[in-house]
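This report refers to the structure that appears directly beneath it.
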Amino acid sequence: MEKMKPPYNLLIAGAGAAGLMAAIIAARRGLSVALVEKMERPGRKLLITGKGRCNVCNCCTVEEFLPNVMRNPRFLYSCLNGFNPYEVMGFFEELGVPLKVERGQRVFPQSDRAMDVVDALVDECKRLRCAFLHGSVQELILENGTVKGLKTADGREFYGDALLIATGGKSYPATGSTGDGYALAKQAGHSVTKLKPSLVPIVTREDYCRDMMGLSLRNVVLTVSEEAGGKIVFSELGELLFTHFGVSGPLVLSASCRMSGDLSRYRMEIDLKPGLSPEQLDARLLRDFEQFKNKAFSNSLSLLLPRKMIPVVVKLSGIPAAQKVNQITREQRLKLISVIKAFPLRAKCFRPIEEAIVTAGGVNVAEVSPKTMESKLCKGLYFAGEVLDVDAYTGGFNLQIAFSTAFAAANSCCPDFTDFTEGRC
């Protein structure tokens, strides 16, 4: 069995967002760093974030950030203050990635290319002479409650003064996030909370979503409320997408975070024309109907609705498709308005965790120091990113968590190391 010595100062399991950031921060301290990654290329999941554009972070204060964290926000308070969104933006600008701020304070590279973000991180790691080691981490090497290194599936052993688990969650396994870090954490005595999909598409009961597959709606309001009592749990303006199984897109992903248990207890409605009151919409319909007064009802909505949606709305309105527009009654028109202002959907279930943007659940944060990200159970072991039981809404918040937790871990590991000469690794 091959043993790789002398040891590195910091071993990092996983070369994703958190792993790459931690490597750079540690290397700038002068630590010798090695990243162990099972995929051929680092940063694979980063390449698909933000629809391939990479929503780097959210341009907001820590106080504005925390309400967007769904689980364990208080755990993140210290690390977010240590490396806040504005500092993340400055970090990437200094690496030569110009940024821009879009709706909802979402931050993207000006090029709209996630590859630019990944290349900047990888190039900086290489400039600092960090080692990239290809292999699948199989187990930790432990001695007397202290981590000494790791072993890969092909039998190689790597040793280090500290080890950071930054392997991600279970979402998008094709990018390398297959839940390996949870098994490693358990080996060190950590508990892992229940894993669930978060920011995930929703399967609906209606067949008509399939009929509208590929249709993207912008500037609509999705409202989710409880059937019993009518309590609204989510209502926002944005974009959604109809698919062969139901609905997806930013609005749906955000809404999924507010839904739990039996999804049949929720009612979903889309306001297709949020800029118009019912009275204004009625006036608009009357103008359109006057223009199409001698046509069949099904041919009168082309100025109001997307083509794929018209047959569905016609059916839901209860107005016969062939009925002449000049014969439509006020009662029928009001029914049509109710469909347009509250297009109905019934949730059936979430798509599998493998299709979620992030994984909810993970390493129990009660067993991890919030200031250093070091394990309270195993000396020298650190965690960063999605492997922890922290997740947030869509909008750049989850990548910020990855960067901030990685920053805290990289600045805390090897505390006795005082050589801050850049480029030692």
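Residue-by-condition table, conditions (1) surrounded by fewer than 17 Cβ atoms within 10 Å (Cβ to Cβ); (2) touching a residue at least 12 places away in the same chain (Cβ under 8 Å); (3) under 22 Å from ALA409 (Cα atoms); (4) among the charged types (D, E, K, R):
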site	(1), (2), (3), (4)
LEU121	no, yes, yes, no
LYS126	yes, no, yes, yes
SER136	yes, yes, yes, no
THR146	yes, yes, yes, no
LEU150	no, yes, yes, no
ALA153	yes, yes, no, no
ASP161	no, yes, yes, yes
ILE165	no, yes, yes, no
PRO173	yes, yes, no, no
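Could you count how many residues in the stretch 306-335 are over 43 Å from the mean Cα position of the chain (by Cα) and part of a helix (DSSP H, G or I)?
The qualifying residues number 5.
Looking only at the stretch 189-240, filter to residues that are of a type in the set (Lys, Arg) and in a loop (DSSP other than H, G, I, E, B); which one of those is surrounded by the most Cβ atoms within 10 Å (Cβ to Cβ)? Walk me through it before giving the result.
So the first thing to find is which residues in the stretch 189-240 are of a type in the set (Lys, Arg), and the list is 194, 196, 205, 210, 218, 231.
Then keep just the ones that are in a loop (DSSP other than H, G, I, E, B); that gives 194, 205, 231.
Values: LYS194: 8, ARG205: 13, LYS231: 9.
This residue is ARG205.
Within the stretch 338-374, which residues are touching a His at 6+ places or on another chain (Cβ under 7 Å) and crowded, with 21+ Cβ neighbours inside 10 Å?
Kept after step one, since they are touching a His at 6+ places or on another chain (Cβ under 7 Å), are these residues of the stretch 338-374: 363-364, 367.
Matches in the stretch 338-374: VAL363 only.
Which residues, taken from the stretch 274-302, are in a loop (DSSP other than H, G, I, E, B), more than 17 Å from LYS341 (Cβ to Cβ) and in contact with a strand residue (DSSP E or B) (Cβ under 9 Å, 6 or more places away or on another chain)?
Looking only at the stretch 274-302, we keep the residues that are in a loop (DSSP other than H, G, I, E, B), and these are 274-277, 292-295, 300-302.
With the extra rule that they be more than 17 Å from LYS341 (Cβ to Cβ), the set shrinks to 292-295, 300, 302.
Selection gives LYS293, ASN294, LYS295.
Give me the strands (runs of 3 or more DSSP E) completely within the stretch 23-138, filtered to those with at least 3 residues that are over 30 Å from ASP416 (Cβ atoms) and modelled with pLDDT of 95 or more, ordered by residue number. Spell out how you get there, then give the answer.
Numbers: elements: 33-37, 99-102, 106-109, 131-134.
Those strands (runs of 3 or more DSSP E) span 99-102, 106-109.
Filter the stretch 66-93 for residues that are among the charged types (D, E, K, R) and more than 13 Å from MET21 (Cβ to Cβ) and give the result. Before the answer, list the steps.
Narrowing the stretch 66-93 to residues among the charged types (D, E, K, R): 71, 74, 87, 93.
ARG71, ARG74, GLU93 - these are the residues of the stretch 66-93 that are among the charged types (D, E, K, R) and more than 13 Å from MET21 (Cβ to Cβ).
The values are calculated or read from the model by the stated rules, or taken from the named source; none is laboratory data. Since the structure is predicted, the reported quantities are computational estimates derived from the model, not experimental observations. Glycine gets a Cβ as well: all are built from the backbone with ideal geometry, and neighbour counts include every protein chain shown.
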